[in-house]
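See structure below.
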Amino acid sequence: MSVLEYRRPEQVAEAIALVSADPGAAYLAGGTTQLDLLLKDGVVEYGTLVDIGRLPLRGTSVVDGVLRVGAVTTMEELAADAVVIERLPMVREALLSGASTQLRNMATIGGNLLQRTRCRYFRDRAVAACNKRAPGSGCAAVRGPARMHAILGAGENCIALHASDLCVALVALDAVVGIEGPDGQRSVPLTEFYVMPGERPDVENVLAHGEMITHVDVPLPAAGLRAQYVKVRDRASYEFALVSAAAALRIEEGAITEARLALGGVGTVPWRAWAAEDLLRGRQADEANFRAAAEVALRDPYTVPGTEFKVGLAQRLIVRTLKYVSGAQT
Amino acid sequence: MGGASVVGRTTVTVQVNGQERRLELDSRVTLLDMLREHLELTGTKKGCDQGACGACTVLLDGRRVVSCLTLAAQCDGREVTTIEGLAPGGELHPLQEAFIRHDGFQCGFCTAGQIMSAVALLAEERAGSDAEIREFMSGNLCRCGAYPNIVAAIREIAQQGGGMP
Ligand SMILES: Cc1cc2nc3c(=O)[nH]c(=O)nc-3n(C[C@H](O)[C@H](O)[C@H](O)COP(=O)(O)OP(=O)(O)OC[C@H]3O[C@@H](n4cnc5c(N)ncnc54)[C@H](O)[C@@H]3O)c2cc1C
Ligand code: SF4
Ligand code: FES
Ligand code: FES
């Protein structure tokens, strides 16, 4: 990339107009994904970056039992938010398990939702075959060594992982993405925001060029829901998940009345385990049922030799996390 | 209002270690390269240049960030503190002295980043135990493996109740 224009408009509408009008323009928030891919790996190309980091989209508010998070609130700011600490401890756990303090001081919530995959073939321009980077070129990861890759929602065209921790907790809690574009505003549930690779691994979500995430709404759960985010990784800290789980249960008189389960480290998109939730609802909170839920959650994986281990690892993590949130001894 | 009057270039006004600096730069220049190449503040080190090692850690408006993934342009109107800013009159910051006392380094390449990160760690009040220090210093890698001594240096200053300049 030879020339880069840097712009920092003061109004949301102005930023949207700038990017919408120019196919070669893109938003810059914290920059921890964008600058890496543009300036260091050279796998994306833009002539203009529109810095949205200082737009008035920062901070949180609570309206009608919903926490509204401004898109440029940083990960550290959200983790320190009093409402998050008190009512959404699982979101805090997911935030603080991600990246490092330095990166969390920079990275924004909108940017976290839109972070690109860490697939090293995608990030290496010397690799020719990458359907996400160069549509129709094939997929180097399904044939080459793979480990930090997806097994759910994956296929021979792409096994790239969505590596966010935060999004796993957010899909479990039914978060909704607030979007603004040149033609107005819309809201999309986070569970419907991402698009699985299918035939078009280069299309990752429902955003049109120029549309901006302005906020994320997180419904506050009623008291009594026990939730936890657990991340399993190759290092004790500062590493992406091999497998992670966001689980929440409400148990009344021994029976499960509300079950939420989402998985990280395994999906091409932050993965909501709907079938496992359906199985758990109405049943006893015991290990046999947790095992059955883990079984259905990992049904029909698409694995390559380097990712086969994730099936069993994810199942064991699901059982362990459900046991913990059910209050059983682990 | 940020922006360029000349194609591909940006004017940046930034407080660096308490001094106002005004530069006209290529818009692609990172904060790290601005410090090292344009202001000759070479205390801040370039390790991975991709956000992964923490060697380039500085404080931006008092919060620790990695300067290799920050554009200089993003710092317009803001305050940057580097390792040089910790000892303005030549008198070392308590953490710098503790790193020397505890032998918190071998080659020293990661040290400026470790110390800047540790300064922020103390301000964040996250040095309550060795486990907490390790967790919240995990963004700073040390290829020489000086970790136990780094933790010891930070622990000592934390127990003395701070060390903010
Ligand atoms: C070394 C390293 C380790 C990491 N470890 C983890 C980890 O363990 N867990 C984890 O979850 N993440 C991890 N990350 C990823 C990190 O969380 C993301 O890079 C970060 O959240 C992206 O946010 P940002 O504000 O920096 O986005 P940017 O880099 O500024 O932008 C990312 C993308 O989103 C677009 N964008 C940003 N904001 C908006 C908006 N409001 N509307 C529309 N488009 C927008 C940009 O155009 C760009 O395409 C790691 C990153 C690094 C570099
Ligand atoms: S897994 Fe997806 S991103 Fe990685 S090489 Fe294959 S197509 Fe590219
Ligand atoms: S040089 Fe910036 S994190 Fe490694
Ligand atoms: S002292 Fe050599 S890298 Fe830390």
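Annotations
- Rel. contact order, % - alpha carbon contacts under 8 angstrom, at least six apart, region B:88-159: 46
- Sites excluded, GluC sites (Glu not before Pro) in DSSP loops with at most 12 other C-beta within 10 Å, longest stretch of chain A: A:46-198
- Net length gained if the chain between A:Ser2 and A:Val62 were fully extended (0.36 nm per residue, minus Cα distance): 17.1 nm
- Interface area, chains A and B: about 3000 Å² of buried accessible surface, summed, with a 1.4 Å probe and ligands, DNA and RNA left out.
- Shielded residues, region A:1-33 - accessible-area loss of 40 Å² or more between chain alone and all protein chains, probe 1.4 Å: A:Leu4, A:Glu5, A:Tyr6, A:Arg8
- Take A:Leu95: with every protein chain present and a 1.4 Å probe, its accessible area is about 0 Å².
- Taking only protein heavy atoms and a 1.4 Å probe, the accessible area of chain A is 50% carbon and sulfur.
- Partner chain coverage, peptide A:180-186 - average Cβ within 10 angstrom: 0
- Label-point separation in nm, B:Glu132 to B:Glu156, each point 7 Å along Cα→Cβ: 2.1
- Cα-projected label distance for A:Glu10 with B:Glu24, points at 7 Å along beta-carbon direction, nm: 2.4
- Applying the criteria of a DSSP loop state and at most 10 other Cβ atoms within 10 Å to the chymotrypsin sites (Phe, Trp or Tyr not before Pro) of region B:82-161 yields no site.
- Top of A:Ala275, A:Ala246, A:Ala160 by mean-square fluctuation, Gaussian network on chain A, Cα under 10 Å: A:Ala275
- Full extension of the segment from A:Ala222 to A:Glu192, taken as 0.36 nm per residue of separation minus the current Cα-Cα distance, would add 8.4 nm.
- Check: the protein assembly as shown dipole with +1 on Lys, Arg Cβ and -1 on Asp, Glu Cβ, in debye: 1060
- The calculated FRET efficiency for A:Val203 paired with A:Glu295, based on their beta-carbon distance and R0 = 35 Å, is about 0.65.
- Candidate residues A:Met148, B:Met34: accessible-area rank, largest first, probe 1.4 Å: A:Met148, B:Met34
- Annotation for region A:65-123 versus region B:1-58: alpha-carbon center distance of 25 Å.
- Summed residue charge, Cβ within 11 Å of A:Leu67's Cβ, Lys/Arg positive, Asp/Glu negative: -2
- Restricting the trypsin sites (Lys or Arg not before Pro) of region A:120-176 to loop positions (DSSP other than H, G, I, E, B) with no more than 16 neighbouring Cβ atoms within 10 Å leaves A:Arg125, A:Arg147.
- Summing charges over neighbours of A:Gln11, with a neighbour being any other residue whose Cβ is under 15 Å away from its Cβ, gives 0 when K and R count +1 and D and E count -1.
- Taking chain A and dividing mean pair separation by its residue count, relative contact order in percent (alpha carbons under 8 Å, at least six apart): 17
- Distance (nanometres) between label positions extended 7 Å along Cα→Cβ at B:Asp103 and A:Arg281: 6.2
- Net charge contributed by nearby residues that have their C-beta within less than 14 Å of A:Gly42 (K/R +1, D/E -1): +1
- Accessible area (Å², per residue) of region B:88-159, counting only protein heavy atoms and a probe of 1.4 Å: 47
The values are calculated or read from the model by the stated rules, or taken from the named source; none is laboratory data. Nothing here was measured: the structure is a model prediction, and the numbers come from that model. When we count neighbours, we look across all protein chains shown, and the Cβ atoms used for this are built from the backbone with ideal geometry, even at glycine. These accessible areas exclude ligands, DNA and RNA; they are computed on the full protein's heavy atoms, side chains included. Shrake-Rupley method; radii C 1.70, N 1.55, O 1.52, S 1.80 Å.
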